[in-house]
Amino acid sequence: MPLTVHDKTIINKIKAYSLADDSYWSFKGRSSRQHCHALIQYPAMMVPQMQGELIDAICSEDNDIKTVFDPFVGSGTTLGEAMMRGLDFVGHDINPLAILACEVKSGPLYIKKLQEKVANLLFTIETSKADVVAVNFTGIDKWFLPNVQIELSTIYLAIKAEPSKWARKIFWLALSNTVRSTCNSRSSTYKLHIKSEEQIEKIGSPEEIFKRNVLKSVENIKAQKQLLGDNGHLVRSKGVSKVSIKNVDAKARTRSKTKYDLLISSPPYGDNATTVTYGQFSYLPLQWIDMNDINESTQPQLLSQQNTIDSSSLGGSLKESAEKHEALKDKSPSLNQCIETIHLVNPDNTKKLISFVYDLSLALENAVDELRDNAYMIWTLGNRRISNIEVPLDKIMREVLESFGCKFVYQLERDIPAKRMPSRNKVATTMGKETVLIMRR
């Protein structure tokens, strides 16, 4: 199907940036995480400035965009940029920590009240020390020193004593960053790997680290409120955007009857176990958070083991790979070719790829069904390697989406100079480039 006038104008706008600077979309030296984007450290976060500019490019040609949809919302980069433009937002994720981050980012932004509550919280932490450990889970003594457990318990109990749920959520998010800093797991990887004895000896005081984190959170929320006000998208300490965040499995959820106007997302680039272990990254922080304070009802079984979130995510199950392969054969020639190539080197690794793309296809079908006609999609993708063979996820995604009747508009390649991703894992070297794929419903 030929490109529309709107398609061509969007393409020309994106190309114009690259004409002036061929590395423009890498955002090297121009990528920073400020205001709500700095509230959490999370794996593989998108570049806020890039998502914002792509939203602007699409909105300049499609005046009917009111609601942005991200089916793999993660830490909420797209949410933050949608709010800055006064757009409504719907985000989905299987990870409860991602849900908490997005709920905090969506407000409310009561700065004066928050400052008072932080002062009270820090006073409580200083004057009411825990004498027993407040939480219990398998492996707690492996992952936390005894004194760290007590200090985290002091913080945990002080947060629980705060009467306002909106404030507790901000505090839980600050605590999640603190847990990552003070646990016995290495910070150099998202998987749970024990630190060396020397590294464990250098672990700082959770109370001191939390104090720094929560005070930074206040400044970041204050900056978010200021920007929303400057942009004319703030009413009585709340962003004007209607925000809906759901803790759901992208491949097996109930579809909404609502039709969204623009999709912007970055799906996993492969199964979590061999790319980015979002679940293991989140496992320890979630043990120290009261899950009842997350608005969206989460599934308690997701916290039962450290790999449960990852094994529940795309490609988490390798069962019935032959049947899954059969279901995919007519959707993507590029996938078929890649499977054949990997099979020659390591047949077992084809199961990982087949299972991942099968689940991704289910998730894409769900997402596409919720878009209005001619809605644009912006997918940020990376081509990982399996058995040292590049998996062309950009081509596979395009072909799968085309099998659902979507139209290809444009794609651009960018270097990823500072994305929070592991440089290596046991299965393969991960990528240093990304593709931005633009499609239309």
_Restricting to DSSP loop positions (anything but H, G, I, E, B) with no more than 16 other Cβ atoms inside 10 Å of their own Cβ, which chymotrypsin sites (Phe, Trp or Tyr not before Pro) remain in the stretch 284-361?_
none
*For Val240 and Tyr17, calculate 0.36 nm times their separation in residues minus their Cα-Cα distance, and state this gained length in nm to one decimal.*
77.3 nm
*Modelled FRET efficiency - R0 41 Å, Ser188 with Thr127, Cβ distances, 0.05 increments*: 0.70
*By average C-beta atoms within 10 angstrom, highest first, the peptides 46-56, 88-98*: 88-98, 46-56
*Quick one: work out Rg over Rh on the C-alpha atoms of the chain, Rh as Kirkwood radius.*
0.97
*Taking the alpha-carbon centroid of each part, what is the distance from the stretch 270-286 to the stretch 344-397 in angstrom?*
18 Å
*asked:* Test of the criteria: in the stretch 112-152, which trypsin sites (Lys or Arg not before Pro) are in a DSSP loop and have at most 15 other Cβ atoms within 10 angstrom of their Cβ?
replied: Lys129
*Mean ellipticity per residue at 222 nm, deg cm²/dmol - from DSSP H runs of n ≥ 4 across the chain, formula -39500 (n - 2.57)*: -14000 deg cm²/dmol
*Mind checking the full-extension length gain between Ile140 and Ser311? Use 0.36 nm per residue of separation minus the Cα-Cα distance, one decimal, nm.*
59.4 nm
*Using the beta-carbon distance between Leu344 and Asp373 and R0 = 60 Å, what value does 1/(1 + (r/R0)^6) give for FRET efficiency, to the nearest 0.05?*
0.90
*Calculate, in nm to one decimal, what Leu215 and Glu413 gain on full extension: separation in residues at 0.36 nm each, minus their alpha carbon distance.*
67.5 nm
*Which trypsin sites (Lys or Arg not before Pro) does the stretch 231-334 hold that lie in a coil by DSSP with at most 14 other beta carbons within 10 Å?*
Arg236, Lys242, Arg255, Lys257, Lys259, Lys319, Lys329
_Considering only the chain, percent of DSSP beta bridges that pair antiparallel, nearest 5_ = 55 percent
*Excluding residues fewer than 8 places away in the same chain, name every one of the aspartates and glutamates whose C-alpha is closer than 20 Å to that of Lys160.*
Glu103, Glu116, Glu126, Asp131, Glu151, Glu207, Glu208, Asp290, Asp293, Glu296
_Spatially proximal lysines relative to Lys202 (Cα-Cα < 17 Å; intrachain offsets below 8 disregarded)_ = Lys142
*Rg(Cα)/(2.2 N^0.38 Å) for the stretch 213-259, N = residue count*: 1.66
*Quick one: check the C-alpha center-to-center distance for the stretch 39-88 versus the stretch 91-167, whole angstrom.*
28 Å
_Using only alpha-carbon positions, what ratio does the radius of gyration of the stretch 111-219 give when scaled by 2.2 N^0.38 Å?_
1.08
*Compute from the Cα atoms of the stretch 202-338 the Rg and the Dmax, the latter being the longest Cα-Cα distance, and quote both in angstrom.*
20.4, 57
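A short reminder: the numbers here are calculations on the coordinates, not readings from a lab. Everything quoted here is computed from the prediction, not taken from an experiment. All Cβ positions, glycine included, derive from the backbone under ideal geometry; neighbour counts span all protein chains shown.
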